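Report on the following structure.
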Amino acid sequence: MIPTPYYIVYEEKLRRNLNLISRVSRESGAKIIMAFKANALWRTFPIFIDYGICSTASSVNEMLLANDELQCKAHTYCPAYTPETIEKYVAGSSHITFNSVAQYERFRDVVERHNAAKPAERVSCGLRINPMCSIVETDIYNPCCPGSRFGITADALTSLPDGIEGFHFHALCESTSYDLEQVLRAVEQQFGQFLPQLKWLNMGGGHLMTRKGYDVEHLIGLLKDFGQRYPNLQLILEPGSAFCWETGDLEATVVDIVENSGVRTAILDVSFACHMPDCLEMPYKPRITQALNEVDPKLPTYRMGGNSCLSGDYVGDWSFDHELQVGERLTFEDMNHYTTVKTNMFNGIHHPAMVLERLDGARVVMREFTYDDYKSRMD
């Protein structure tokens, strides 16, 4: 038995999602690429390569990971490029999106020199637009909230700069196809005069097409209809969560049980702050396989506490059909997307290992972490 804590990713579940995403791409004509901000577990990338998946990048490191481990050039967007990074981005990208006209004008010549020198590796330039269509209720994940630093609003774009071939927008977060329909309506109303002049339109992420209940057929129809209206455009989607939705868990062990003011807390060998940060940022309460679906105060009920010294490193409450025991294992479900990429080593808390369950059920430890990993981060 593999000792806890560890993240486990299930190949069968990954392939289930990849099959659905590939069908949407095939039937709609849209190119669907993966956002590393939700999943950068590169030891699983051979599975993604089987489906011809490419990726986005929002940093030089993400771009290099795409080049090295997905064996593709990246669709790159960064809020602000610098003289020190722009040439690296251009060398490793197929598309590069600028957050402002000023950024494009500042670095346009770098792209043009590259394209002249390496026409076979030509990079296509785009602008990020902001349709100011707020679908996302949680501000920390809402790129279209008032005052957003992301993208150009319609009133600031009076003409299309020479050399711009595409638009990129991002307005969704784990959203539906009907939300996308609303955003596309806003894009057409505000930026429609430019669309016939472009080669591609990147619709960003947040398309949670692999979630149960998502209307996949509506998404396919929506993309096909939009593509028929603008046959000049290559449509691109770059979901993050959809690729790894419900494909992995975090296995933990109860190491102590304490009580204060009538609240019982099961202290774990994992940390919400370190290993499940979205639970605190969003916030949300994850599912625990061994717990009941609903809290029942008549049954043994516990808050879950992380093993760090941060006072707020806890989430609660869960009820169980039995009293929890020290040494009991608990499974925090759906802890792959936006989890493994956000972990940290605050307090020097031991980082969970990374495990892959193959199609035949065999479990392979892809990576274990040691003191040297913590020490080298401070070096």
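Throughout, read-outs are computed from the coordinates displayed, never taken from laboratory work. Quantities reported herein were computed from a predicted structural model and do not represent experimental measurements. All Cβ positions, even for glycine, are placed from backbone atoms using ideal geometry, and neighbour counts span all protein chains on display.
About the centre of its Cα atoms, the chain shows a dipole size close to 1020 debye [charges on the beta carbon of Lys, Arg (+1) and Asp, Glu (-1) only; nearest 20 debye]. Classify region 2-67 as rounded, prolate or oblate from the Cα gyration tensor: take a ≥ b ≥ c as the square roots of its eigenvalues, call it rounded if a/c is under 1.5, otherwise prolate when a/b beats b/c and oblate if not. Here region 2-67 falls in the oblate category. Taking region 26-40 and a reference point 7 angstrom along Cα→Cβ of MET345, the backbone N atoms nearer than 19 Å belong to 40. Taking the charge dipole of the chain about its Cα centre, with +1 at Lys and Arg Cβ atoms and -1 at Asp and Glu Cβ atoms, the residue from LEU222, THR158, TYR314 reaching farthest to the positive side is THR158. Among the listed pairs LYS37/LYS375; LYS88/LYS285; LYS118/LYS375; LYS13/LYS224; LYS31/LYS342, which have their C-alpha atoms separated by more than 32 angstrom in this model? Beyond 32 Å: LYS88/LYS285; LYS118/LYS375.
Rounded to the nearest 5, the antiparallel percentage of DSSP beta bridges internal to the chain is 40%. Close amide H pairs (under 5 Å, H built 1.01 Å from N) link ILE267 with VAL255, ASP256, ILE257, VAL258, GLY305, residues at least 5 positions away or on another chain.
Across region 327-379, C-alpha contacts under 8 Å between residues 6 or more apart give a mean separation that, scaled by the residue count, equals a relative contact order of 24 percent. Here the simple spin-label model places points 7 Å from the Cα toward Cβ, and for LYS31 and ASP215 these points are separated by 2.9 nm. Once C-alpha pairs closer than 8 Å and six or more residues apart are averaged by separation and normalised to the residue number of region 133-177, the relative contact order reads 50 percent.
In order along region 195-212, the phi-based Karplus estimate (6.51 cos²θ - 1.76 cosθ + 1.60, θ = phi - 60°) of 3J(HN,Hα) comes to 4, x, 8, 9, 9, 8, 9, 9, 8, x, x, x, 8, 8, 6, 9, 6, 4 Hz; Gly and Pro are listed as x. Spatially, region 181-201 and region 276-306 are offset by 42 Å when compared through their Cα centroids. Summing Cβ point charges (Lys, Arg +1; Asp, Glu -1) relative to the Cα centre of region 85-220 gives a dipole of roughly 400 debye. Residues whose amide H comes within less than 5 Å of that of SER94, counting only those at least five positions distant or on another chain, are ALA74, HIS75, THR76 (H built at 1.01 Å from N in the peptide plane). Among 125-133, 235-243, sorting by the average number of other beta carbon atoms lying within 10 angstrom of each residue, highest first, gives 235-243, 125-133. From its DSSP helices (H runs of at least four residues, each -39,500 (n - 2.57)), the chain gives a residue-normalised ellipticity at 222 nm of -7500 deg cm²/dmol. Extension gain, ARG287 to ARG23, is 92.2 nm, computed as 0.36 nm per intervening residue step minus the present C-alpha separation. For the chain, the relative contact order works out to 19 percent when only alpha carbon pairs closer than 8 Å and six or more residues apart are counted. Under the simplified labelling scheme, the ARG106-SER261 pair shows an inter-label distance of 4.9 nm, with each label point 7 Å from Cα along Cα→Cβ.
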